[in-house]
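The values are calculated or read from the model by the stated rules, or taken from the named source; none is laboratory data. In this text the structure is predicted, and so the values were computed from the model without any measurement. Every residue, glycine as well, gets a Cβ built from its backbone with ideal geometry; the counts of neighbours run over all protein chains shown. Please note that ligands, DNA and RNA were not included when accessible areas were found on the heavy atoms of the full protein model with its side chains. Shrake-Rupley method; radii C 1.70, N 1.55, O 1.52, S 1.80 Å.
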Amino acid sequence: MKAIKEKEEKSALEQLREIRDEISAETQDMTFPELKKYIEYQLEESLHPKKVWINYDLP
């Protein structure tokens with residue numbers, strides 16, 4: 001018999017902690033203006049997609 005490998009999935013809390021640690025490492029020695037610019041850039045990329053939605057009236 002072959003051993004079945006179970007893929008261990010990380011919990012949501014573990015994923016959030018990893019994200020927090022990554023952001024902390026990226027922004028560790030930033031000044032306030034640099035931090036503000038970093039946050040604005042991240043918000044643009046993640047929350048405001050550039051795709052334009054077209055509303056077609058279906059018959």
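Can you tell me which residue is nearest to Ser46 (Cα to Cα) among those in segment 1-12 that are open to solvent by less than 100 Å² (accessible area, probe 1.4 Å) and at pLDDT 75 or above?
That would be Ala12.
Can you tell me which residues in segment 20-49 are surrounded by fewer than 10 Cβ atoms within 10 Å (Cβ to Cβ), aliphatic (A, V, I, L, M) and at pLDDT 75 or above?
The answer is Ala25, and nothing else.
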